[in-house]
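Every number here is computed from the coordinates shown, using simple stated rules; none is lab data. Predicted, not measured: the structure shown is a model, and the values here were computed from it. Heads up, the Cβs are rebuilt from the backbone with ideal geometry, glycines too, and the neighbour counts pull from every protein chain shown.
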Amino acid sequence: MQLGFRRGLLGLALVALSTMAHVGSPDTFFVGNAGAYPVRIVVRLPGVIPGRAQVTVRITDDGAARDVQRVTMRAAQWNLGIDGAPPPEVAKAVPGDSALYAAELWFMTATSYQLFVSVDGPGGQGTAIVPVLALATSLRSMDRPLGLVLAALGVFLAVGMLTIVGAAVRESVLEPGIVPDRKRRRRGRAAVAATAIVVGLMLWGGSRWWTAEAESYRNFVLFRPFEAGAALRDDASRRVLTLEIHDPRWTGRPIATVRYNALMPDHGKLMHMFLVREPGLDAFAHLHPVARTAAGLAFDAEVPPLPQGRYRVYGDIVHESGYAQTLVATVDMPGAGAQAWERTDPDDSWFAGDAAPEAAVSRFAAADGPAIVWQRGTASIAEYEERTLTFAAQDAGGAPLALEPYMGMLAHVVIAREDGSVFAHLHPAGSISMAALQKFAGPSTHTGHMMPAQGDLSIPYAFPKAGHYRIWVQMKHAGRVITGAFDANVRPRT
């Protein structure tokens, strides 16, 4: 029974890992500024909560890196703020890389955190505030050798306790050299029997407590996304997709003091929905459904003329606590026929077709000229390896295109593994929710990502597992959303 229970917990852990916010990609990547110092911050979560996360801070400007005197960091729960945070942890410079600092931070509760990273130098102190989701995504099993050692020690202690009790009752009050009589020996045996019952009850109670703790961890700590389902219906000449939440934790009456409180818009939308056709990953849509009611239990979006097939549906939502999650469902899409498409939202977009093959420089050209170029570099991609994904928008002649903000960002990048176990929605600021960043750090933190610009865009990321991926890159030029698709193959770590 215990083995079955542990297997059940392991199964739930795997489900949690494959359906979390930024599906299967729990680490946090952030690019921004700590005062006068440009920084790139990566938070590698431990997988279990409580647990210690590995945090690295890279000063991305060589001149600024030489001036840095100290880097500190503090993690505060979303509802406590900096005053409720533990004392600052000093990050140490990584030997051999003067621009990189590292530290370990405890995350004690599975909730949304504000990570305060402060950099000191001649230009004063600057602080970057990074939203971090401290999610428990795994269960750690005990090593069998360690379990055997602890079991042997437990037997030794139990036998020792029985021996001590029996000896104490039988002969502790006798003078040295006197042999216990039959009555004392009988009392000693009775005391050993009574103590054995007590020890047995203690072991039974400990087992029950351990099981209750594991059950509590599974129900209240281990990440489980909201249960959701997708359904397609015809509404006159329109195809409408509904993504509906049916989970006991989300009743439409949120409690302000818990992480599952009211939803807030991210890039001005309550939900970002992505459709990915499986298994070919050859059709993609980025939609913005409208909530049917203020309760936020169901969201409707008109579907573009996507080709027939089965689609994975991902719905990104953000709570006012800064807690972001991705709802996951599937839907079977019939052929579009002659139905017209009226966008639910003016920022809705879609794409169907093959991707540019992976190369040191991959170029995806749209039919009417604009192109997106992925400057991957000559090095292959390895799982868990931090990389900078660099993209550029160009005209037919290879000249840079002036980019406009697309929902407040210069680019939206979506990454999906072919089996659906990894899904990530990224921006030039990293993997963080911009809604959570604005809530914690203020609206001004968003303006640097909204200005029209030319040239390359770089996005930090680390692919969490080996396999074949599809990358969709969306930029906006002259009022039009340009979508490029790229193949990526990620090798195992060596």
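Quote the convex hull volume per residue of the range 226-346, based on C-alpha atoms, as a whole number of Å³.
Value for the range 226-346: 100 Å³ per residue.
Just order 42-53, 58-69 by mean Cβ neighbour count inside 10 Å, highest at the front, would you?
Ranked from most to least packed, the peptides come out as 42-53, 58-69.
Along each of the three principal axes of the Cα atoms of the range 27-133, give the extent in whole Å, ordering the values from largest to smallest.
Principal-axis extents of the range 27-133 (Cα, largest first): 38, 27, 21 Å.
Report, in degrees rounded to the nearest 10, the 0 to 90 angle that the Cα long axis of helix 2-18 makes with the longest principal axis of the chain.
20 degrees
Using only alpha carbons, build the gyration tensor for the range 284-334 and give me the equivalent ellipsoid semi-axes, biggest first, whole Å.
Over the Cα atoms of the range 284-334, the semi-axes work out to 23, 13, 9 Å.
With angles folded into 0 to 90 degrees, how steeply does helix 144-171 sit against the dominant principal axis of the chain? Use alpha carbons for both and round to 10.
Relative to the chain, helix 144-171 is tipped by roughly 20 degrees.
I want to check the label-to-label distance for Arg491 and Phe156. Put each point 7 Å from Cα in the C-beta direction and report it in nm to one decimal.
It works out to 4.7 nm between the two label points.
If you wrap the range 354-494's Cα atoms in a convex hull and average its projection over all directions, what's the area in nm²?
Mean projected area for the range 354-494: 8.9 nm², to one decimal.
Limiting things to C-alpha atoms, what are the Rg and the maximum Cα-Cα separation (Dmax) for the chain, in angstroms?
28.4, 107
First check a/c for the range 51-105, with a ≥ b ≥ c the square roots of the eigenvalues of its C-alpha gyration tensor; if it is under 1.5, answer rounded, and if not, answer prolate when a/b is larger than b/c or oblate otherwise.
In terms of gyration-tensor shape, prolate.
Using only Cα atoms, figure out Rg for the range 73-204 and give it as a multiple of 2.2 N^0.38 Å.
2.03
Post the alpha-carbon centroid distance, the range 208-266 to the range 110-141, in whole angstrom.
Result: 25 Å between the Cα centres.
Just need log10 I(q)/I(0) for the range 403-442 at q = 0.20, 0.22, 0.26, 0.36 Å⁻¹, Debye formula, equal scatterers on the alpha-carbon atoms, no solvent, rounded to two decimals.
Listed by q, the Debye log ratios stand at -0.69, -0.78, -0.91, -1.15.
Evaluate Rg over Rh across the range 160-259, taking Cα atoms for both radii and Kirkwood's formula for Rh.
1.56
What shape does the range 370-446 take by its C-alpha gyration tensor, where a ≥ b ≥ c are the square roots of the eigenvalues and a/c under 1.5 counts as rounded, a/b above b/c as prolate, and the rest as oblate?
Oblate, since a/c reaches 1.5 and b/c is not below a/b.
Could you state the angle between the C-alpha long axis of helix 182-216 and the longest principal axis of the C-alpha atoms of the chain, as a value from 0 to 90 degrees rounded to the nearest 10?
10 degrees
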